[in-house]
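Visitor: Got a structure here, written out as structure tokens. Questions coming.
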Amino acid sequence: MDYLLLILGFVFALASGSSTTLPISSFDEGFSHLFGDNNMQVLKDGKSVHLSLDQRTGSGFLSHDLYLHGFFSASIKLPAYYTAGVVVAFYMSNGDMYEKNHDEIDFEFLGNIKGKEWKIQTNVYGNGSTNVGREERYSLWFDPSNDFHQYSILWTQDHIIFYVDNVAIREIKRTESMGGDFPSKPMTLYATIWDASEWATNGGKYKVNYKYAPYVAEFSNFVLHGCTVDPIDLMSLQCDPETSIDSIIPMERIKMESFRKNHMKYSYCHDKKRYTTPPSECVVDSKEAKWLKNFNPITLGDSGHLHHHGKRHHQS
Ligand SMILES: *[C@@H]1O[C@H](CO)[C@@H](O)[C@H](O)[C@H]1NC(C)=O
């Protein structure tokens, strides 16, 4: 009995310690301004950033470095009250380097109206696979505009795991049949806020209302724990020596399954309108399919829109 408790304790320590013990980067150490002039503000502590959206512009920042695999995390507090149409995104992309065959790993917060349920979306593109969206949507067990919560991406050669407050919410395992659709080229980490009135909230039914602007998303506790790649010599890789988190442990899997059972609101694997035959990596559970049918159809953003939005604002 004691032995069992000891083992459980050890496993738990691993699960909860996996990300919390990693070093926190200040903004200047890890990031640069991307677009939206004064709408990005670094706070006095040097570790927190406000991104705001007003009638003039959204805003965003990006990591100095390109990474091939690693663990990337931020604590984020979303704008509150009426935020319909406002999208906050925390994602990795290499769209600036590979226009035709970019990779992307996304967390997107889709705006909300006070009192309604927040929705977040995750998605992945690999090697320009923008015609195969792999979106999933979920509700949360808290209001993400009340407080900071941690959102993390673990990306290895074999899988991608999305975490919310150290709860794994999605795992994408690389399968042979996915081929290049699994992100495999170095990417930059981004955070942006922008107006996605056309699609974000209830399929575009509720638009951004600038009466409530500025919309401010707060970021802190940045973790950039990965292998950096020299942008000139992409073969030269520098890895953090303690990159040790590389697979999901059984206890995390139990929590993940419970999260997905209770909070998943959409999965591309069950969207018969888009995919008469689900993409090869999908494992279709009939009970899950029945439950998810209630939420279809949904309105998705343009393929690879994150990258394009950042860029459009950047140039304007
Ligand atoms: C990625 O796309 C490029 C160009 O479209 C292609 O040449 C290459 O083989 C693809 N890579 C993988 C891993 O599928």
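Please treat every number below as a calculation from the coordinates, not as lab data. This is a predicted model, so every value here is computed, not measured. Cβ coordinates were reconstructed from backbone atoms using ideal geometry, including for glycine residues, and neighbour counts include every protein chain displayed.
Visitor: Would you be so kind as to identify all helices of the chain, as entire DSSP H runs, whose Cα atoms reach 20 Å or more along the helix's own axis and whose mean Kyte-Doolittle hydropathy is at least -0.5?
Guide: Helices meeting the criterion: 2-20.
Visitor: Output the relative contact order of the chain, whole-number percent, from Cα pairs under 8 angstrom with separation of 6+ residues.
Guide: Here the relative contact order equals 25 percent.
Visitor: So which lysines can Lys290 reach, going by Cα to Cα under 18 Å and dropping same-chain residues fewer than 8 places off?
Guide: Cross-link targets: Lys261, Lys265, Lys272, Lys273.
Visitor: Given H placed on each backbone N at 1.01 Å, which residues far from Leu140 in sequence or on other chains put an amide H within less than 5 Å of it?
Guide: So Leu140 has HN proximity to Trp118.
Visitor: Please list 3J(HN,Hα) in residue order for segment 157-163, calculated via the Karplus relation 6.51 cos²θ - 1.76 cosθ + 1.60 where θ = phi - 60°; whole Hz, with x for glycine and proline.
Guide: 5, 10, 7, 10, 10, 9, 10
Visitor: What's the FRET efficiency of Ile24 with Gln55 using the Cβ-Cβ distance as r and R₀ = 30 Å, to the nearest 0.05?
Guide: The computed FRET efficiency comes out at 0.35.
Visitor: Could you run the Karplus curve 6.51 cos²θ - 1.76 cosθ + 1.60 with θ = phi - 60° over segment 86-99 and give me ³J(HN,Hα) per residue in whole Hz, x for Gly and Pro?
Guide: Per-residue couplings from phi come out as 8, 10, 10, 10, 10, 7, 10, 7, 10, x, 6, 8, 10, 5 Hz.
Visitor: Output wanted: per-residue J couplings in Hz (rounded whole) for segment 171-186, from phi through Karplus 6.51 cos²θ - 1.76 cosθ + 1.60, θ = phi - 60°, x for Gly and Pro.
Guide: Calculated HN-Hα couplings, in order: 10, 10, 8, 6, 10, 4, 6, 5, x, x, 5, 8, x, 9, 10, x Hz.
Visitor: Provide the packing ranking of 217-228, 96-107, 268-279, i.e. peptides ordered by the mean count of other C-beta atoms within 10 Å per residue, highest first.
Guide: 217-228, 96-107, 268-279
Visitor: Where does the charge balance sit around Phe27 when Lys and Arg score +1, Asp and Glu -1, over other residues with C-beta under 15 Å from its C-beta?
Guide: -3
Visitor: Can I ask one more? Once label points are set 7 Å from the Cα along Cα→Cβ at both Cys227 and His149, what is their separation, rounded to one decimal in nm?
Guide: For Cys227 paired with His149, the spin-label model returns 3.2 nm.
Visitor: In which sequence would Thr192, Thr122, Thr57 go, from the one with the fewest C-beta neighbours within 10 Å to the one with the most?
Guide: With the fewest neighbours first, Thr192, Thr122, Thr57 line up as Thr57, Thr122, Thr192.
Visitor: With a 10 Å radius around each residue's Cβ, average the other Cβ atoms per peptide and rank 161-168, 113-120, 178-185, highest first.
Guide: The most tightly packed comes first, giving 161-168, 178-185, 113-120.
Visitor: Here's a follow-up. Set the Förster distance to 35 Å, then compute FRET efficiency between Lys261 and Cys239 from the Cβ-Cβ distance, nearest 0.05.
Guide: Plugging the Cβ-Cβ distance into 1/(1 + (r/R0)^6) gives 0.45.
Visitor: First measure r as the distance between the Cβ atoms of Asp96 and Tyr275, then evaluate 1/(1 + (r/R0)^6) with R0 = 35 Å and state the FRET efficiency to the nearest 0.05.
Guide: Between Asp96 and Tyr275 the formula returns 0.75.
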